[in-house]
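The values are calculated or read from the model by the stated rules, or taken from the named source; none is laboratory data. Bear in mind that the values here come from a model prediction, so they are computed numbers and not experimental data. Don't worry about glycine lacking a Cβ; one is built from the backbone with ideal geometry, like all the others, and counts go over all protein chains shown. For accessibility, only protein heavy atoms count, side chains too; no ligands or nucleic acids. Shrake-Rupley method; radii C 1.70, N 1.55, O 1.52, S 1.80 Å.
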Amino acid sequence: MRDPVILASGQTYDRPFIQKWLNAGNRTCPQTEQVLSHTILTPNNLIRDMISQWCKSQGIELPNPVMDGKEEGVTEAERDRFFSLLDKLCAALPQQKEAAKELRMLTKKMPSFRALFGESVDAIPQLLTPLSGSKSESCVHPDLQEDVITTLLNLSIHDSNKKLVAETPMVIPLLMEALRSGTIETRSNAAATLFTLSALDSNKALIGKSGALKPLIDLLDEGHPLAMKDVASAIFNLCIIHENKARAVRDSAVSVILKKIMDGVLVDELLAILAMLSTHQRAIEEIGELGGVPCLLRIIRESTCERNKENCIAILHTVCLNDRTKWKALREEESTHGTISKLAQDGTSRAKRKANGILERLRRAVNITHTA
């Protein structure tokens, strides 16, 4: 390892290798398989110093990380090809399809081609010409739409492009249209693009304000297996900021998510989103009204995943604080199965804290009743 960097998951990798992994379009940590909240690589100075000291003691010269991590440049011929393809996107349909397919392939394989889009002010608007020029989405050829949206996804992986892509006026509306009416691969890639762009907080706010949560939640509700993970990842990332939680709750996220969890679909990811939304008062009310409490208690009893148990008890703790009518169900569960006290003993540190908080509140309620 010569240029150690920290991934969003907290794992450390050598920059050239993890950069190659990210450039290939992967959005998970290779070691933990955790979905990444962003793709920014942070230098691990502690490990770098250790490597430097070891090299010094061994008489080895440590290569310059900037030179090692440098991406290959673009040749003049490749630059000319790039602008030629952009021009074709304004031509007749056969040329548009051919150009979009080639740009999709080039931006997937060559990081340098992604960077080219950031160098020209008109490049992204030109890429969108086949989609934005049509009066209605039904006029756009499905393969052409898929290639353009997937090229947008490839561009968004490049950190320097994230702000530029999101702030190009037609990008988010066209991604929202693709979520509603593309092929399933187009819809999945549109969701993945929103996830990738939402690595920046400014983009989270912009995407939320544009109304993109509603088509994401609708696509989640449809439940197509190909799109579910990308959609859930995008919703999770967007809801990190407070104003998007309110938007998601307003757009029926709680009922859609609870239904999927009850059906055993994508439980890990959706519980994490529900736990995040449970800081919103209306979300807590809906969880209670839609039968969420027994469902969450059942998951704690039956699941072997510590993180899922932790998310369930965190949601139940908020329910317990805000809705006295659910105390009876919690007390009966504890009396019959001892579910909460078991978690207070064996759970993660956060799960223990939340479980003990619920038990304390239930005990206090019993004491008050006895005193009265």
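Tell me which residues, restricted to the stretch 37-46, are surrounded by 16 or more Cβ atoms within 10 Å (Cβ to Cβ) and either more than 24 Å from the chain's Cα centre (by Cα) or free of Cβ contacts under 8 Å to residues at least 60 places away in the same chain (or both).
Within the stretch 37-46, 41, 44 qualify.
Condition (residue is more than 20 Å from residue 27 (Cβ to Cβ) and among the acidic types (Asp, Glu)) applied to the stretch 165-184: is it met by at least one residue?
Yes, some residue in the stretch 165-184 is more than 20 Å from residue 27 (Cβ to Cβ) and among the acidic types (Asp, Glu).
Take the stretch 17-66 and flag every residue that is assigned to a helix (DSSP H, G or I), at pLDDT below 75 and polar (S, T, N, Q).
Of everything in the stretch 17-66, just one residue is assigned to a helix (DSSP H, G or I), at pLDDT below 75 and polar (S, T, N, Q), namely 23.
From the list 121, 165, 140, exactly one residue is touching a Ser or Thr at 6+ places or on another chain (Cβ under 6 Å), under 29 Å from residue 209 (Cα atoms) and free of Cβ contacts under 8 Å to residues at least 24 places away in the same chain. Which is it?
Of the residues listed, the single one that is touching a Ser or Thr at 6+ places or on another chain (Cβ under 6 Å), under 29 Å from residue 209 (Cα atoms) and free of Cβ contacts under 8 Å to residues at least 24 places away in the same chain is 140.
For the stretch 102-122, give me the residue count where each residue is over 26 Å from the mean Cα position of the chain (by Cα) and under 30 Å from residue 16 (Cβ atoms).
The number of residues fulfilling the criteria is 3.
Please go through (1) open to solvent by less than 30 Å² (accessible area, probe 1.4 Å); (2) not in a helix (DSSP H, G or I) for residue 286 and return the number of the only condition it doesn't satisfy.
(2)
Take the stretch 214-243 and flag every residue that is crowded, with 24+ Cβ neighbours inside 10 Å and under 17 Å from residue 282 (Cα atoms).
239 - this is the single residue of the stretch 214-243 that is crowded, with 24+ Cβ neighbours inside 10 Å and under 17 Å from residue 282 (Cα atoms).
Among the residues that make up the stretch 332-346, is at least one of them within 23 Å of residue 223 (Cβ to Cβ), crowded, with 18+ Cβ neighbours inside 10 Å and not aliphatic (A, V, I, L, M)?
Scanning the stretch 332-346 turns up no residue that is within 23 Å of residue 223 (Cβ to Cβ), crowded, with 18+ Cβ neighbours inside 10 Å and not aliphatic (A, V, I, L, M).
Can you work out which of the residues in the stretch 25-35 that are touching a residue at least 60 places away in the same chain (Cβ under 8 Å) and not charged (D, E, K, R) is farthest from residue 307 (Cα to Cα)?
Result: 25.
For the stretch 251-279, what are the residues that are of a type in the set (Gly, Ala, Ser), within 21 Å of residue 35 (Cα to Cα), open to solvent by 10 Å² or more (accessible area, probe 1.4 Å) and in a helix (DSSP H, G or I)?
Scanning the stretch 251-279 gives 272, 275.
Within the stretch 299-321, restricting attention to residues that are touching a helix residue (DSSP H, G or I) at 6+ places or on another chain (Cβ under 9 Å) and open to solvent by 80 Å² or more (accessible area, probe 1.4 Å), which residue is farthest from residue 363 (Cα to Cα)?
Applying the filter and picking the extreme gives 307.
Scan the stretch 26-36 and tell me whether some residue there is within 20 Å of residue 234 (Cβ to Cβ) and touching a Lys or Arg at 6+ places or on another chain (Cβ under 8 Å).
There is at least one residue in the stretch 26-36 that is within 20 Å of residue 234 (Cβ to Cβ) and touching a Lys or Arg at 6+ places or on another chain (Cβ under 8 Å).
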